[in-house]
2 protein chains.
Amino acid sequence: MTETMSESAIRPRKEFGKTVAADITHRLREEIIACGLAPGEPLRFDVLRERFGVSFTTLREALTALTAEGLVDAQEQRGFRVAPVSRQDLVEVTDARVLIEVELIRRAIERGDDDWEIAVISTLHRLKRIEQRDPEHPLRDPEWKIAHRQFHQALVSACGSATLLAIRADLFDRAERYRHLSANFRPRPRDKAGEHQAIMQAAISRNPDLAVQLIEAHIRSTADNVATYAAHLLDTE
Amino acid sequence: MTETMSESAIRPRKEFGKTVAADITHRLREEIIACGLAPGEPLRFDVLRERFGVSFTTLREALTALTAEGLVDAQEQRGFRVAPVSRQDLVEVTDARVLIEVELIRRAIERGDDDWEIAVISTLHRLKRIEQRDPEHPLRDPEWKIAHRQFHQALVSACGSATLLAIRADLFDRAERYRHLSANFRPRPRDKAGEHQAIMQAAISRNPDLAVQLIEAHIRSTADNVATYAAHLLDTE
DNA sequence: CCAGCTCGTATTTTCGAAAATAATACCGTT
DNA sequence: AACGGTATTATTTTCGAAAATACGAGCTGG
């Protein structure tokens, strides 16, 4: 291994054009969502500094941003920790998601143009292809996670409100963390492929009532699954 | 002026128990809402450092937090600026507020206990007393602002969802900034006292449909007022 | 005169040391 | 042995200097 083939050649220190802080925020977010950092776990600067190779200040900025997203919990003068999980929080996130997502899907169906339809169809197509490849543990496949996120994002993208989309994105991340939490204990994935297909068809055929009903069922049944199979992690807090 | 009567004796550097960063975040937030820092204005570190007497790092943390709240706009590698205003953004904030506030007032009316009723009644009482004192320009009175905020906060406080309350609070702040924007050009305050009274009564008498209707009208008419009297500030951007 | 380039300046971004605060261990007294 | 207070250590928080980046003036060649 030569000198020129240093670490930075293999994995760039940061994405192009972005600040280090934004990059660290992104990496920390993904790790918290995937429960690589456990809920409630203290986030000590020494440890993170070692792991990510950045300074106190940069970390602090990243943790502040994640606190606003509800993934990190700041305790004044006593540092940060991964946001704890609880049954109550799961219920709140689920209800908030239903409230907002239902509104956004209605607006998207009303306003969506050809590009929107294409985005919905193509993101679902990609998602299904990835599912065929490894139908067992989709959440463990980073590509599936991204495709899944993008499909749901595409569905509401035409709603016309950047404000509500930003709120929705934060809630989606918080919900995804709960899915990861229960993923290891869930016996088998539900028939998500079928649900996604049905939602897509309702959206494209401009049937808002049906789409809303399917989306709400999709969100709530996922949350129920989490509440059931991660019960031991939610009650003991 | 003696040495012991230094600046810190007159105004403490920070509130008790809080970090400097949290304090600066708070002060910057208030100043942006009050349009003491104009929409779109660049937030240069040298200037802010001078004004608030803190370091780069602390400022950066505060600005990051406010970016998440939608009051500051971060431009990668090119610093921060006060979030711009626009007609589109005003519409988005208004619609989002209606969506969420309507839901929360329903839940609060359903779940509110005695303490909730007392909080609603007493915060309104305080608000009315302050209005009597100076009925001309309520927004210029910091006490009125606080009382007004607390009344609306009290109304929904019993909703049972910290998650939605946090989102609501951010949207309220963004809307309040628009109110300040038009305050200087608005001919006369509307009959807010009457509206608040009616909302309070609908809530306390547990009439959710009426309360929802009044709240939505309250929010939308305020926004319409802003759109009318601050039109010259919204279109030229 | 203008377009494009280069270099100097202004500004942001990142860093590690120093100060402030909280947590813990220790010790003497009852 | 239990309690209270104090010193020590661990950790967070804040700072200003140094590095990185963007902005703008001035120059050169067409």
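The values are calculated or read from the model by the stated rules, or taken from the named source; none is laboratory data. A quick note: this is a predicted structure, and the numbers were derived from the prediction, not measured. We place every Cβ from the backbone using ideal geometry, glycine too, and count neighbours over all the protein chains shown. Note: accessible area is taken over every heavy atom of the protein model, side chains too, but ligands, DNA and RNA are not part of it. Shrake-Rupley method; radii C 1.70, N 1.55, O 1.52, S 1.80 Å.
Numerical summary
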| read-out | value |
| --- | --- |
| P(r) histogram, all alpha-carbon pairs of the range A:164-237 included - 5 Å bins from 0, percent | 3, 15, 20, 21, 20, 12, 6, 2, 1 |
| Occluded residues from the range B:162-179, i.e. those whose accessible area drops by 30 Å² or more once the chain is not alone (1.4 Å probe) | B:163, B:164, B:167 |
| Within the range B:87-235: Cβ-based charge dipole about Cα centre, in debye rounded to nearest 20 (Lys, Arg +1; Asp, Glu -1) | 340 |
| Helix A:208-229 vs. chain A, principal-axis angle (Cα, 0 to 90°, nearest 10) | 50 |
| Rg/Rh for the protein assembly as shown, where both radii come from Cα atoms and Rh is the Kirkwood radius | 0.98 |
| Calculated [θ] (222 nm, deg cm²/dmol) that DSSP helices of n ≥ 4 give over the protein assembly as shown, each run adding -39,500 (n - 2.57) | -22000 deg cm²/dmol |
| Descending semi-axes in Å of chain A, equivalent ellipsoid built from Cα gyration tensor | 32, 22, 18 |
| Semi-axes of the equivalent ellipsoid for the range A:150-200, Cα gyration tensor, largest first, Å | 24, 16, 5 |
| Relative contact order [Cα under 8 Å, 6+ residues apart], chain B, whole percent | 23 |
| Those residues of the range B:61-84 for which accessible area with every protein chain present is at least 10 Å² below the isolated value (1.4 Å probe) | B:61, B:64, B:65, B:68, B:76, B:77 |
| Contact surface A-B: accessible area buried, both sides summed, square angstrom, 1.4 angstrom probe | 2400 |
| Positive-end residue of A:66, A:26, A:53, charge dipole of chain A with Cβ unit charges | A:53 |
| The range A:13-111, relative contact order in percent, only Cα pairs under 8 angstrom and at least six apart counted | 27 |
| Nearest-first distances (nm) between copies at residue A:204, label 7 Å from Cα via Cβ | 5.6 |
| Surface accessible to a 1.4 Å probe, per residue, for the residues of the range A:87-235, Å² | 45 |
| Cα convex hull of the range A:7-82 - mean projected area over all directions, nm² | 5.2 |
| Heavy-atom accessible surface of the protein assembly as shown: percent carbon and sulfur, 1.4 Å | 52 |
| Förster-model FRET efficiency, 30 Å R0, residue A:49 and residue B:49, C-beta, rounded to 0.05 | 0.75 |
| Debye equation applied to the C-alpha atoms of the range B:107-237, log10 I(q)/I(0) at 0.17 Å⁻¹ | -0.95 |
